[in-house]
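**Q** Here it is, the structure in full.
We did not get these values from a lab; they are worked out from the coordinates using the rules stated. Here the structure is a predicted model, which means the values were calculated and not measured. Cβ placement follows ideal geometry from the backbone for every residue including glycine, while neighbour counts extend to all protein chains displayed.
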Amino acid sequence: MIIIHRGGTTFMRVTHGLPLARKTTLGIGGPAAVFADLEDLADFPEFVALTKSYPGAPTCLGAGSNALVADAGCSSPVLRMNTRGVRVVGEAADGRTLVEVQAGHPLTDLVDTTIGHGLIGMEMLAGIPGTVGATPVQNVGAYGQEISDTLVEVTAWDWVLRRHVTLDAAVCGLGHRTSVFKGSSRWTLLTVVFALRKSALSAPVTYRVVAERLDVPIGGRAPSAEVAQAVLAVRRSKGMVLGCSGAESRTVGSVFFSPELTAAQAGQLEGEGASLNCFPDDSIRVSASWLMRRSGFALGSPLAEGVRVSYLHHTLVADEGATAAGFTEAIGVVVQRVLEQTGIRLTPEIDFLGDWPQEGDTSEPADSVVLDRA
Ligand SMILES: Cc1cc2nc3c(=O)[nH]c(=O)nc-3n(C[C@H](O)[C@H](O)[C@H](O)COP(=O)(O)OP(=O)(O)OC[C@H]3O[C@@H](n4cnc5c(N)ncnc54)[C@H](O)[C@@H]3O)c2cc1C
């Protein structure tokens, strides 16, 4: 490991050959040719200088909670955002408080901090792992709240223009678990600004399971700390909080997007007992986990070597012996069976990072799905 010092202070650690499996929640992935840990934004230019010796844009990693890294690892430099900090930077025209957050700041801490300061807009996101810089990438959301509800702008390094840019939320292309950043390595997000309303009571609770725990009607409100606790309790029951579920902890949460349904599909699935959700973009969606259950996957059932369905919830988890090839094989098994049983094609929500086999490369499993890799 090379440790670069400035005036006696450690500011960026650069490591060669670091196994990326250690930096992701799935615990899968080969080595990074170059791995830099950024603790202080002031040192970002050092990283930009470092990348000049390597072709292509670098790969950015937060907490690795939505990432499947290739078994071959990553030949482009990997930047891990470890910057921390939350500060109030002003007031929006509508009176909301503007909060600027460093990209490496943990989302769970931001949720707690904003609730502690009487600000609402993040309370339903309690328990989602990862860094704040990754939240616009897939417009992170849960239980009726999404980053698009509060995002004002991001500052980023643009690897095409090779300069800092500020992108207004309106140009970020935020949609259902997507944005212009999803699948693109063009931008490294450095800071994120949110507009949050001052209130002791949460935003309206729109999810039945959360409303029932709080004993409020759907659309009702409750103290935001209590809402966050209710959301956490629901998430824990499904193993959707990291560290709460032992053997189930090698996960990325949901591996697949919740597919959008046509009116006919929605009517049919509702008749079969599916719980459908209406999203801000007016799409009606069903969760991939419901489709997996409907397609006959039993909890805990094996899918590929080292990969199985969780014992708690219909999602994929990794065990001893899991590889990226095995995980993609497992994804293929699920996609195929759900398509056969329901006529609906699931698409991976997970981000595929690193050096994946190219088309025609025989090292890729023959029955693997076509993945949306950048
Ligand atoms: C138990 C569990 C529950 C989850 N529940 C939810 C949920 O309810 N809702 C939800 O939306 N997600 C959920 N997730 C997925 C995940 O937590 C989010 O996608 C989170 O935002 C990922 O953050 P990260 O820092 O771990 O990003 P990583 O996994 O490290 O990276 C994800 C992607 O973002 C990119 N990226 C990361 N940081 C930056 C940056 N600073 N600039 C540019 N690109 C960047 C990476 O290159 C990669 O493409 C869950 C995951 C787990 C493990």
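**Q** Enumerate the amide H contacts of ASP71 below 5 Å, restricted to partners 5 or more residues apart or on another chain; note that Pro and chain-start residues carry no placed amide H.
**A** GLY30, ALA324, ALA325
**Q** I've got another one for you. Quick one: Cα centre-to-centre distance for the stretch 101-160 and the stretch 33-72, in angstrom?
**A** Going from one Cα centre to the other spans 21 Å.
**Q** Another question, if that's okay. Taking the alpha-carbon distance from LYS238 and a cut-off under 24 Å, which lysines remain once sequence neighbours fewer than 8 residues away in the same chain are dropped?
**A** Candidates past the 8-residue exclusion: LYS23.
**Q** Something else about it: Give the calculated FRET efficiency between ALA49 and GLN268 to the nearest 0.05, with a Förster radius of 56 Å applied to their Cβ-Cβ distance. Walk me through the intermediate numbers first.
**A** Details: r = 57 Å, r/R0 = 1.01.
Working from the Cβ atoms, E equals 0.50.
**Q** Which value, in debye to the nearest 20, gives the size of the charge dipole of the chain about its Cα centre, when Lys and Arg are +1 and Asp and Glu are -1 at the Cβ? Don't skip to the end; give the middle numbers.
**A** Details: 30 positive and 39 negative charges, 103 e Å.
So the magnitude is around 500 debye.
**Q** Another question, then. Once you list every other residue whose beta carbon is under 12 Å from the beta carbon of SER199, what net charge do they have if Lys and Arg are +1 and Asp and Glu are -1? Don't skip to the end; give the middle numbers.
**A** Values: positive: ARG96, ARG197, LYS198, ARG221; negative: GLU123.
That sum, taken over residues with Cβ under 12 Å, equals +3.
**Q** Report ³J(HN,Hα) in whole Hz for each residue of the stretch 59-73, in order, from the Karplus equation J = 6.51 cos²θ - 1.76 cosθ + 1.60 where θ = phi - 60°; Gly and Pro get x.
**A** Ordered by residue, 3J(HN,Hα) equals 9, 9, 10, x, 8, x, 9, 9, 10, 10, 8, 4, 4, 6, x Hz.
**Q** Next question. Hey, if you put +1 on the Cβ of every Lys and Arg and -1 on every Asp and Glu Cβ in the stretch 247-353, which of LEU353, SER283, THR262 ends up farthest toward the positive end of that dipole?
**A** The one lying farthest along the dipole's positive direction is THR262.
**Q** Same structure, new question: Which FRET efficiency value, to the nearest 0.05, do you get for HIS117 and VAL180 by plugging their Cβ-Cβ distance into 1/(1 + (r/R0)^6) with R0 = 30 Å?
**A** On the way: r = 30 Å, r/R0 = 1.00.
E between HIS117 and VAL180, to the nearest 0.05, is 0.50.
**Q** For the stretch 350-356, in order, what is each residue's ³J(HN,Hα) by Karplus, 6.51 cos²θ - 1.76 cosθ + 1.60 with θ = phi - 60°, in whole Hz (x at glycine and Pro)?
**A** With coefficients 6.51, -1.76 and 1.60, one gets 4, 9, 9, 10, x, 9, 8 Hz.
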